[in-house]
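Undergrad: So that we are looking at the same thing, I have put the structure below in structure tokens.
The values are calculated or read from the model by the stated rules, or taken from the named source; none is laboratory data. Everything numeric here is computed off the predicted structure, so don't read it as measured data. Heads up, the Cβs are rebuilt from the backbone with ideal geometry, glycines too, and the neighbour counts pull from every protein chain shown.
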Amino acid sequence: MGLKRVKQAFVDATLRSLRLGYDLVELHGAHGYCLSQFLSPISNHRTDEYGGSAEKRRRFPLEVFEACRAVWPREKALGMRLSAVEWVEGGVALEDTIETARQLKALGCDFVDVSSGGNAAAQKIPVAPGYHVGFSARIRKEAGIKTWAVGVITEPEQAERIVEAGEADCTAHARAFLIDPRWGWNAARALGVEPPPLPLPAVRGATILPFKPQPAMARAAD
């Protein structure tokens, strides 16, 4: 009953996303979250049909994906985030993730968001700009599935090079948007591309541009 309830919770969340009008859903199968724990030999110590071999460990995540795909329209994208490697001896290896990606694709997965780690306290992650890009490139090539690259991708030109080189179909950004909530718009301008329309709440604010604070306002801002 426990696994059925968990699977249904993923399906219910997918249906809520559909009702809310989302065009894309990503299942989180990385960083030690539920599906990631099944995939990893470090955390999955089950002795039933959901533990042991790599095939058995990926069974539940695949079942969850298949159930979500069944209720999500085919014209809308559905993908999964995976930890490509766990950066610790005995953990998930890149070859394991490539095979998981192949099987996800066979179930109708549109993309894999390639990250790493997050499931082992002893992990030693060599954080550097674009440190997941090589994993994304191999999964994309060997599994034949679209990939997203993440991980210290902070500059528009860097993101553009990754996509142009065929190492990923998309780059995804989190901390870059925390620093600059308009990163996407500013990146478009930096690359000489017409920025997408502003979200509605920002449209009214843009009507005062160009804006030059008066001296009193500038002092108040300071």
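Undergrad: Out of all the residues in the range 130-138, is one or more at pLDDT 95 or above and assigned to a strand (DSSP E or B)?
TA: No.
Undergrad: Say whether the condition of being touching a Leu at 6+ places or on another chain (Cβ under 6 Å) and free of Cβ contacts under 8 Å to residues at least 60 places away in the same chain is met by at least one residue in the range 111-121.
TA: yes
Undergrad: Oh, and also: If I filter the range 196-216 for residues that are modelled with pLDDT of 90 or more and in a helix (DSSP H, G or I), do I get at least one hit?
TA: Within the range 196-216, none of the residues are modelled with pLDDT of 90 or more and in a helix (DSSP H, G or I).
Undergrad: When the residues of the range 18-30 are filtered to those that are in contact (Cβ under 8 Å) with a residue 40 or more places away in the chain and among the small types (Gly, Ala, Ser), which remaining residue is surrounded by the fewest Cβ atoms within 10 Å (Cβ to Cβ)?
TA: It comes out as Ala30.
Undergrad: Of the residues that sit in the range 160-180 and are more than 18 Å from the chain's Cα centre (by Cα) and assigned to a loop (DSSP other than H, G, I, E, B), which one is modelled with the highest pLDDT? Explain how you work it out, then say what you get.
TA: Of all residues in the range 160-180, those more than 18 Å from the chain's Cα centre (by Cα) come to 161, 164-165, 179-180.
The next check asks that each one be assigned to a loop (DSSP other than H, G, I, E, B); those that pass are 165, 180.
Working: Ala165: 98, Asp180: 92.
So the residue we want is Ala165.
Undergrad: Testing Glu86 on (1) out of contact with any Ser or Thr (no Cβ under 8 Å at 6 or more places or on another chain); (2) modelled with pLDDT of 95 or more; (3) in a loop (DSSP other than H, G, I, E, B); (4) not β-branched (Val, Ile, Thr), one condition comes back false. Which one is that?
TA: Here Glu86 clears every test but (1).
Undergrad: Let me ask something additional. Looking at this structure, is Asp48 surrounded by fewer than 23 Cβ atoms within 10 Å (Cβ to Cβ), acidic (Asp, Glu) and either under 18 Å from Ile125 (Cα atoms) or more than 19 Å from the chain's Cα centre (by Cα) (or both)?
TA: Yes, satisfied.
Matching residues to (1) assigned to a loop (DSSP other than H, G, I, E, B); (2) within 21 Å of Asp113 (Cβ to Cβ); (3) at pLDDT 95 or above; (4) more than 20 Å from the chain's Cα centre (by Cα):
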{"residue": "Val6", "(1), (2), (3), (4)": "no, yes, yes, yes"}
{"residue": "Thr14", "(1), (2), (3), (4)": "no, yes, yes, no"}
{"residue": "Leu18", "(1), (2), (3), (4)": "no, yes, yes, no"}
{"residue": "His28", "(1), (2), (3), (4)": "no, yes, yes, no"}
{"residue": "Ser43", "(1), (2), (3), (4)": "yes, yes, yes, yes"}
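Undergrad: Any residue at all in the range 117-134 that's closer than 19 Å to Asp169 by Cβ, within 13 Å of the chain's Cα centre (by Cα) and not aliphatic (A, V, I, L, M)?
TA: yes
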